[in-house]
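Visitor: If you scroll down you'll find the structure; I have some questions about it.
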Amino acid sequence: MNETQSLQKVSAQKGSSQVRAKAPVLKTIALAGNPNCGKTALFNAITGGRAKVGNYPGVTVERKEGRVRTPSGVELRIVDLPGTYSLDAKTPDEIITRDVLFGVDERVEKSPDLLIAVADATQLERNLGLVLELRKLGRPIVLALNMMDIAEQRGLDLDLEVLSQELGVPIVPTVAPKQQGVSALLLAVEKKLDDEALAIPVAIFQSTPDEIRNRFSEVDRILNLATRKKSSPTVWTDRLDRIVLHPVWGSLILFCVFGLMFQTIFNWAEIPKEWIESQVQGLGQLVDQLMAPGPLKSLLTDGVISGVGSVIVFLPQISLLFLFILFLEDCGYMPRAAFLMDKWMGKVGLHGRAFIPLLSSFACAVPGIMATRTIENRRDRLTTILVAPLMTCSARLPVYSMLIAAFIPNREVIGPFRLQGLVMFGLYLAGIFAALGVAMLLRSTVFKGPKPMLLMELPTYKWPDAKSIALGLFERARLFVARAGTVILSISILLWFLSSYPRPPQGAVEPAISYSYAGKIGQGLEPLVKPIGFNWKIAVALIPSFAAREVMVGSLATVYAVGDQKEGATELLGDRLARDWSLATALSLLVWYILACQCLSTLAVTRRETNSWRWPAVMLIYMTTLAYLGSFVTYQLAMYLGWG
Amino acid sequence: MTQEWIALSIVALNLFWLLRRFYRGHLAEPLSQWFLKHGRIKWAMQVRQHRSVQSGCDQCKN
């Protein structure tokens, strides 16, 4: 064969589909570290926030995976593992992390080729213990020392070379929220990827108390060698905590912070709320002028505009609520607030780890219930799941705001505190005390057991990041508007139909709505709800609001708009209710809303997290019973006091 | 009459959307599990494809 023929043969082989270059094997990099060390922030910084989210099979633990290309073009698969304090795992989260790191079941998760151990530079005494355990796994490790900016602000001066030598791993300082150190980290990962991994048997990781003691002695020894200058947290954070966590002053500050929060929700939201109300009314009037009378016009004005418009007006209040929550969370105050409540939580037998799920439930019970995965004891976990929906979620806010604005006078009480804001605060407190009361009952009966040890980790104080707050706020507002434009719109349309058909017969004397499907259903339910002060219109509106709480406002608006005999009426819902209801009825409905389980999503996530239909059924039954009893007592008492 | 037909068509489409959303968000997952338990693998896989990706709550990112 001559040279030309050889070249032709080679080029034919290259062009042939039989000759394929081997695809490069994708390396798996796992991020492991203590909870709250900034692992997820670092994961987002590395992957650019583009993650595939799923679940580990058989459990409800979340799994996040992303891809990244290193500076020299190597593609890596990054897996964000659940946070763990030790490889001696106890909770479902920690067990998953341990199993993945050991490569227990390669079908579930391929064991990582390299570990990025993430440690909080401001809490090295607690974080390095896990790093020492990870070292024993025999896999290549790179240590990302996160939150270096906060550590340096506090005066910490570390000799990273000495630390790296003592630990035997390369160290890269990072500041994940600012994406600092990410390129250096990827370079270090690339260099380390060539190191071979050793297989370590699982049996090595059953830590005895002596082993734990020795590990932390080793951490102390290493830190003594590597620290040139210790950080001075007493500069302002500890001094602040001496006041904020004080049993008396701290409680007073807590009261003032939340009192002011609810006060501003009413005061600051007034102007934008009135503007939105005027736009909604204007839109209703425009449709009324442009369209001829008929069912379509009624659908648009009484169904769509009344229903959706009555919910949209609460956007300023929802936004303000989340602005405060995000601000207080971001600056580190929320866990301090929960710490002050811990005394009461411990007295009712609630686990220390329950504070994060219960805190999350102030926004929405669904992530709160999912966060109970960090509670290892099943009884403690179930208790927390069952009481989480009693914490006042943001969906209750439109109902509370509407009723308070319609029935509670806005008079001054003391200083900047006005009655409406205080009543709102009182409703939130009532939810908390209801949760604590039910938890105490559960822990002394069905879930009897030893009182759990309370252990809390307080994050450091920091100035809130304006950009992340703005992004969080925008996301919340977008979700609220999206919900109004989908679920609430849909239910308003359905309710319009049920309230408008069938048409009243010839010569009917009653209002048309009495002859409709909604009227018949409401009248059928009225004997059931009369003892608690509800009329049939409230009964009808309650049915769809079992799916989602804030639907109540839109449902009431639709039912009252259709029921109103005046053509083209665009009266505000609050004014209609103030005319039609007594104070006793309003108070009864408020109590109902504190206690009732009116969220299909909460029931669905409870079923998923408990892997059983029993517990969502228990939740629905006990909360409905509690709500009925609470409303009954409230209504009867209010009637006795002459508020009927 | 035209207004009524348009209004009722909107209501019908809306009802279909609502039922579909309820099925995808809350029924598809338990139904596919039930089919799996009773040995109907193909039906379980088909129903599983219909389920909604979200956890079911619009108020939160989760």
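The values are calculated or read from the model by the stated rules, or taken from the named source; none is laboratory data. Please read these numbers as outputs of a predicted model, since none were measured by experiment. When we count neighbours, we look across all protein chains shown, and the Cβ atoms used for this are built from the backbone with ideal geometry, even at glycine. Just so you know, the surface numbers come from the protein's heavy atoms only, side chains and all, with ligands and any DNA or RNA stripped out. Shrake-Rupley method; radii C 1.70, N 1.55, O 1.52, S 1.80 Å.
Visitor: Has the stretch A:395-408 got any residue that is outside any helix (DSSP H, G or I), over 22 Å from A:Met552 (Cβ atoms) and out of contact with any His (no Cβ under 7 Å at 6 or more places or on another chain)?
Guide: Here is the first cut: in the stretch A:395-408, the residues outside any helix (DSSP H, G or I) are A:408.
With the extra rule that they be over 22 Å from A:Met552 (Cβ atoms), the set shrinks to none.
Looking through the stretch A:395-408, none of the residues is outside any helix (DSSP H, G or I), over 22 Å from A:Met552 (Cβ atoms) and out of contact with any His (no Cβ under 7 Å at 6 or more places or on another chain).
Visitor: Same structure again: Which residues, counting only those in the stretch A:382-421, are away from every other protein chain (no Cβ under 14 Å), under 19 Å from A:Cys256 (Cα atoms) and open to solvent by less than 10 Å² (accessible area, probe 1.4 Å)?
Guide: A:Gly421
Visitor: Same structure, new question: For residues that are facing another protein chain (nearest Cβ under 9 Å) and touching a helix residue (DSSP H, G or I) at 6+ places or on another chain (Cβ under 6 Å), scanning just the stretch A:480-491, find the one that is surrounded by the fewest Cβ atoms within 10 Å (Cβ to Cβ). Don't jump to the end; show me each part of the working.
Guide: We begin by selecting, within the stretch A:480-491, every residue facing another protein chain (nearest Cβ under 9 Å); these are A:480, A:482-483, A:486-487, A:489-491.
Of the ones still in play, those that are also touching a helix residue (DSSP H, G or I) at 6+ places or on another chain (Cβ under 6 Å) are A:480, A:489-491.
Working: A:Phe480: 25, A:Leu489: 19, A:Ser490: 21, A:Ile491: 25.
Within the stretch A:480-491, the match that is surrounded by the fewest Cβ atoms within 10 Å (Cβ to Cβ) is A:Leu489.
Visitor: Here's something else I'd like to know. Among the residues of the stretch A:349-356, is there at least one that is modelled with pLDDT under 75 and open to solvent by 30 Å² or more (accessible area, probe 1.4 Å)? If you could, list the steps in order and put the result at the bottom.
Guide: Of the residues in the stretch A:349-356, the ones modelled with pLDDT under 75 are A:351-353, A:356.
Subset that is open to solvent by 30 Å² or more (accessible area, probe 1.4 Å): A:353, A:356.
Scanning the stretch A:349-356 turns up at least one residue that is modelled with pLDDT under 75 and open to solvent by 30 Å² or more (accessible area, probe 1.4 Å).
Visitor: Go through the stretch A:616-635 and give me each residue that's within 14 Å of chain B (Cβ to nearest Cβ) and open to solvent by less than 40 Å² (accessible area, probe 1.4 Å).
Guide: Passing the criteria: only A:Pro616.
Visitor: Same structure again: Only residues that are open to solvent by less than 60 Å² (accessible area, probe 1.4 Å) and in contact (Cβ under 8 Å) with a residue 24 or more places away in the chain: list them for the stretch B:24-47, please. Can you show your working first?
Guide: Here is the first cut: in the stretch B:24-47, the ones open to solvent by less than 60 Å² (accessible area, probe 1.4 Å) are B:25-26, B:28-30, B:32, B:35, B:39, B:44, B:47.
B:Gly25, B:His26, B:Ala28, listed by residue number.
Visitor: Let me ask another. Looking at A:Ala466, is it more than 14 Å from chain B (Cβ to nearest Cβ), surrounded by fewer than 16 Cβ atoms within 10 Å (Cβ to Cβ) and under 25 Å from the mean Cα position of the chain (by Cα)?
Guide: On the way: more than 14 Å from chain B (Cβ to nearest Cβ): yes; surrounded by fewer than 16 Cβ atoms within 10 Å (Cβ to Cβ): yes; under 25 Å from the mean Cα position of the chain (by Cα): yes.
Against the criterion (more than 14 Å from chain B (Cβ to nearest Cβ), surrounded by fewer than 16 Cβ atoms within 10 Å (Cβ to Cβ) and under 25 Å from the mean Cα position of the chain (by Cα)), A:Ala466 qualifies.
Visitor: Are there helices (runs of 4 or more DSSP H) fully within the stretch A:132-230 with at least 2 residues that are of a type in the set (Gly, Ala, Ser) and at pLDDT 85 or above? List them. Working first, answer last.
Guide: Details: elements: A:148-153, A:160-167, A:182-192, A:209-226.
It comes to A:182-192, A:209-226.
Visitor: Being at pLDDT 85 or above, farther than 20 Å from A:Ile491 by Cβ, facing chain A (nearest Cβ under 9 Å) and in a helix (DSSP H, G or I) narrows it down to one of B:Gln3, B:Gln46, so name that one.
Guide: Details: B:Gln46 fails: facing chain A (nearest Cβ under 9 Å).
The match here is B:Gln3.
Visitor: Assess whether A:Gly519 counts as being open to solvent by less than 50 Å² (accessible area, probe 1.4 Å) and closer than 26 Å to B:Leu13 by Cα.
Guide: Values: open to solvent by less than 50 Å² (accessible area, probe 1.4 Å): yes; closer than 26 Å to B:Leu13 by Cα: yes.
Answer is yes for this residue.
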